[in-house]
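The values are calculated or read from the model by the stated rules, or taken from the named source; none is laboratory data. In this text, all values refer to a predicted model and were calculated from it rather than measured experimentally. Neighbour counts run over all protein chains shown; Cβ positions are idealised from the backbone, glycine included. Calculation scope for accessible area: heavy atoms of the full protein, side chains included, ligands and nucleic acids excluded. Shrake-Rupley method; radii C 1.70, N 1.55, O 1.52, S 1.80 Å.
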Amino acid sequence: MQPSSWDLSVYRIQRAEEDLRAAQLNLKSSLYKAAVNRSYYSIFHAIRSVNVLDDFDASKHSSVIAHFNQYHVHTGDFEKGTYKIIDSAYRIREKCDYSDFFVVSREEAEEQIRKAEIFLQEVKGYLEQKNIGQ
């Protein structure tokens, strides 16, 4: 039996919380690129926890983000500034993961974690309104 979209949403938000904790631990260990990576994935899995309620998923990160922006940011479920949080996390994570010699400062990693914390709280509030995880 396949899990319901509600079950998947709960699982994905829990995964987002775990990734955020991993980002915080990486920051404490001075692993700044890893902290940025995990903070991005916290945001990404939080997005997927919302998208699954629309019965939407995709293998490409850009498609997952585009769906969220079209159906949840542009419609007013989330503030317009939410897109900037997602976009900056996506871009810096790509640089960390794929660009040789890219250096991330502690401050940049801290900023990405702060943004992921804010985003995760917004998504959790949205899911509470939808009675997910209750």
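The figures follow:
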{"item": "Lone qualifier among Lys130, Lys84 - being of a type in the set (D, E, K, R), out of contact with any helix residue (DSSP H, G or I) (no Cβ under 8 Å at 6 or more places or on another chain) and closer than 28 Å to Ser5 by Cα", "result": "Lys84"}
{"item": "Some residue of region 70-79 being surrounded by 12 or more Cβ atoms within 10 Å (Cβ to Cβ), out of contact with any Asp or Glu (no Cβ under 9 Å at 6 or more places or on another chain), in contact (Cβ under 8 Å) with a residue 24 or more places away in the chain and not charged (D, E, K, R)", "result": "no"}
{"item": "Residue in region 42-54 that is open to solvent by less than 20 Å² (accessible area, probe 1.4 Å), of a type in the set (S, T, N, Q) and in contact with a His (Cβ under 6 Å, 6 or more places away or on another chain) present", "result": "yes"}
{"item": "Failed criterion for Tyr126 (all others in (1) hydroxyl-bearing (Ser, Thr, Tyr); (2) touching a residue at least 40 places away in the same chain (Cβ under 8 Å); (3) open to solvent by 50 Å² or more (accessible area, probe 1.4 Å) hold)", "result": "(3)"}
{"item": "Checking Ser9 against (1) modelled with pLDDT of 95 or more; (2) open to solvent by less than 20 Å² (accessible area, probe 1.4 Å); (3) out of contact with any Gly (no Cβ under 9 Å at 6 or more places or on another chain), the condition it does not meet", "result": "(3)"}
